[in-house]
Amino acid sequence: PGTPSAHDPARATTLGVMGGGQLGRMFVHAAQQLGYRTVVLEAEADSPAAQAAHHQVRTAYLDPAGLAELVRECDAVTTEFENVPADALRELADHRPVAPAAAAVAVCQDRVAEKAHFAASGVPCAPYAVIDSETALAAVSDTLLPGILKTARLGYDGKGQVRVADRAALEAAWTDLQGVTCVLEQRLSLADELSVIVARGAAGEVVHLPVQHNLHRDGILAVTQVPAPGLDAAQVEQAVASAERIAASLDYVGVLCVEFFLLTDGSLVANEMAPRPHNSGHYSIDACDVSQFDLQVRCMTGLPLVAPRLHSPAVMLNLLGDLWFDAEGRERSPDWAAVLALPGVHLHLYGKAQARRGRKMGHLTLTGATPEAARDAALKAGALLG
Ligand code: ADP
Ligand code: MG
């Protein structure tokens, strides 16, 4: 009968996802709502995504037997984890439609390639230099200091980054990072952090979620607000158009998130992108008529993309493992009954057995009839959680 095409929705019946984290879990939920079987490839037992999926392939990402099983089981494959080796996606793409494509994921996995792609898309980013040798280190311009040194690969949630005040600190930091390829970015004066999530189909059609306003604590996303307060129409338009250009010039298929900095002078620069649904889009499950996970399913199966409508202003609060410990470091459980008594509250827990500080255990979305109502409920939730 030949290979079923994922772009024939009548024939795609099983969707596969590389990675077992919470993004995979919420993708699985969305796929199952549309009647798909789901398979998760993940090495760990009892992962958030595998708990929800019909079937788990329990191998490492590059395991040939695991990839072969995923091909046998699935009509189309996506990824929930940004650092899935691009080679694994290439191997899968020889047999099944894979969205996003390995080449696009590879660009997002490498800050050097990513910045070059922003430039090629005509989107400004922070002034930077690539540091891949002693010579490059010595040639760094003083204008980039104070700066932030970031490893080119494998950084997330503020990991793999060092703030450097001067040249001596820069040299020490690069030595500490064992001389791996890094980018040094000028430390910018941020007024706000924003993100835009776009979904692009195989025919190039594109839709976007409302621009998100993000607050980070210790390098980890803490709070997302929509609509983003304080933006004018031109800034919203610029952020959305930039994200769409970045996706189009990658010939991207799937959900893509682009993070932006709004500088104190009102200008907008791209920070980084993620080739998948993003933490700053979780509110879309409860506050939009189509979520970022619904869109990922639609992109990979060739179903129509419809523009999401924000039906409720919302505030999303990440629930980190820290909440599971009291001031003395003893384990405790947050008071969910009190939280669930708030109006417009949507609690999402990811099924992780072990709480650890800084670990994303779940999130809370508070929706309201007005932005003030959502913010008020979020403040109350924050106070209850301590
Ligand atoms: P990660 O992959 O860990 O999310 P980011 O590059 O997004 O790494 O950096 C994490 C956070 O650090 C950003 O959300 C922002 O708050 C801050 N940051 C990063 N780069 C800069 C910069 N060039 N100037 C000022 N702040 C920055
Ligand atoms: Mg980031």
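The values are calculated or read from the model by the stated rules, or taken from the named source; none is laboratory data. Just so you know, these numbers come straight off a predicted model, no measurement behind them. When we count neighbours, we look across all protein chains shown, and the Cβ atoms used for this are built from the backbone with ideal geometry, even at glycine. Quick note on the areas: whole protein, heavy atoms, side chains included, nothing else; ligands and nucleic acids left out. Shrake-Rupley method; radii C 1.70, N 1.55, O 1.52, S 1.80 Å.
Using 0.36 nm times the number of residues separating THR13 and ARG167, minus their current alpha carbon distance, what extension gain do you get?
Stretched out fully, the THR13 to ARG167 stretch lengthens by 49.8 nm.
So which GluC sites (Glu not before Pro) in the range 281-380 end up in coil per DSSP with only 15 or fewer other C-beta atoms within 10 Å?
Answer in residue order: GLU328.
Which residue, SER133, VAL162, TRP174, has the largest displacement toward the positive end of the dipole of the range 127-186 when charges sit on each Cβ (Lys, Arg +1; Asp, Glu -1)?
VAL162
First compute the accessible area of the range 306-386 with a 1.4 Å probe, then give the percent of it belonging to carbon and sulfur atoms.
Within the range 306-386, the accessible surface is 56 percent carbon and sulfur.
Quick one: length gained pulling ASP326 to ARG359 fully straight, 0.36 nm per residue minus the C-alpha distance?
Residue separation times 0.36 nm, minus the Cα-Cα distance, leaves 10.3 nm.
Suppose R0 equals 25 Å; then what is the FRET efficiency for ASP157 and LEU347 from their Cβ-Cβ distance, rounded to the nearest 0.05?
0.70
Scaled to the compact-protein estimate 2.2 N^0.38 Å, what is the alpha-carbon radius of gyration of the range 14-98, rounded to two decimal places?
Working: Rg = 11.1 Å, N = 85, 2.2 N^0.38 = 11.9 Å.
Cα-based Rg divided by the globular estimate yields 0.93.
Would you please give the residues with an amide H less than 5 Å from that of LEU319, counting only those at least 5 places away or on a separate chain, with H modeled from the backbone geometry?
Amide H neighbours of LEU319, under 5 Å, 5+ apart: MET361, GLY362, HIS363, LEU364.
Note down the magnitude of the dipole of the chain about its Cα centre, charges +1 on Lys and Arg C-beta and -1 on Asp and Glu C-beta and zero elsewhere, to the nearest 20 debye.
560
Return the carbon/sulfur percentage of the accessible area of the range 183-251, one whole number, probe 1.4 Å, all protein chains in place.
50
Given 25 °C and 0.890 mPa s, how large is the Stokes-Einstein diffusion coefficient of the chain in µm²/s, with Rh as the Kirkwood radius over Cα pairs? Before the final figure, lay out the partial values.
Numbers: Rh = 21.7 Å.
The calculation lands on 113 µm²/s.
Would you rank HIS311, HIS117 by solvent-accessible area, highest first, keeping every protein chain in place and using a 1.4 Å probe?
Correct descending sequence by accessible area is HIS311, HIS117.
Among the aspartates and glutamates, which have Cα under 17 Å from the Cα of LYS115 when same-chain residues fewer than 8 positions away are ignored?
GLU82, ASP132, GLU185, GLU244, ASP251, GLU259, GLU272
Hey, can you grab everything whose amide H is under 5 Å from the amide H of GLY16? Only 5+ residues off in sequence or another chain; H modelled, so Pro and N-termini drop out.
Sorted by chain and number, the residues that satisfy this are VAL39, ASP75, ALA76, VAL77, THR78.
So between GLN33 and ASP87, what do we pick up on full extension, going 0.36 nm a residue minus the alpha carbon distance? If you can, show how the numbers build up before the last one.
Values: separation 54, 0.36 × 54 = 19.44 nm, distance 3.04 nm.
Stretched out fully, the GLN33 to ASP87 stretch lengthens by 16.4 nm.
Can you tell which of ALA338, LEU221, VAL258 lies farthest toward the positive end of the dipole of the range 190-385, using +1 and -1 charges on the Cβ of basic and acidic side chains (Lys, Arg; Asp, Glu)?
ALA338
Loop-only check: which GluC sites (Glu not before Pro) in the range 22-91 are DSSP coil with at most 14 other Cβ within 10 angstrom? Mind dumping the intermediate values first?
Details: sites: GLU42, GLU44, GLU69, GLU73, GLU80, GLU82, GLU91; in loops: GLU42, GLU44, GLU80, GLU82.
Here the sparse-neighbourhood loop sites are GLU44.
Straight-line reach only, C-alpha to C-alpha below 17 angstrom: list the lysines that LYS159 could link to, leaving out same-chain residues fewer than 8 apart.
Filter leaves LYS150, LYS360.
Give the distance, in whole Å, between the Cα centre of the range 293-348 and the Cα centre of the range 26-82.
22
Give me the percent relative contact order of the range 190-385, please, defined on Cα pairs under 8 angstrom at least 6 residues apart.
Taking the mean separation of contacting Cα pairs over the length of the range 190-385, I get 20 percent.
Could you check the simple spin-label distance between ASP335 and LEU384, using points 7 Å along Cα→Cβ, in nm with one decimal?
Each label point is offset 7 Å from its Cα along the Cβ direction, giving 0.9 nm.
Could you provide, to the nearest whole Å², the per residue accessible area of the chain with probe 1.4 Å? Mind dumping the intermediate values first?
On the way: 16110 Å² over 386 residues.
That works out to 42 Å² for each residue.
Taking +1 at the Cβ of each Lys and Arg and -1 at the Cβ of each Asp and Glu, which of ALA377, CYS288, LEU319 sits farthest along the dipole of the range 283-378 towards its positive end, judged by Cα position relative to the Cα centre?
LEU319
In whole Å, largest first, what are the principal axis extents of the Cα atoms in the range 190-385?
Here the spans come out as 52, 42, 31 Å, largest first.
Rounded to whole Hz and in sequence order, give me ³J(HN,Hα) for the range 211-223 from the Karplus expression 6.51 cos²θ - 1.76 cosθ + 1.60, θ = phi - 60°, writing x for Gly and Pro.
Coupling constants for the range 211-223: 4, 9, 9, 10, 10, 9, 10, 6, x, 10, 4, 10, 9 Hz.
May I ask you to evaluate 6.51 cos²θ - 1.76 cosθ + 1.60, the Karplus curve with θ = phi - 60°, for each residue of the range 12-25 and list the ³J(HN,Hα) values in order in whole Hz, giving x for glycine and proline?
Coupling constants for the range 12-25: 6, 10, 10, 10, x, 9, 8, x, x, x, 5, 5, x, 4 Hz.
Karplus couplings for the range 117-124 from phi (6.51 cos²θ - 1.76 cosθ + 1.60, θ = phi - 60°), rounded to Hz, Gly and Pro as x?
5, 4, 4, 5, 8, x, 10, x
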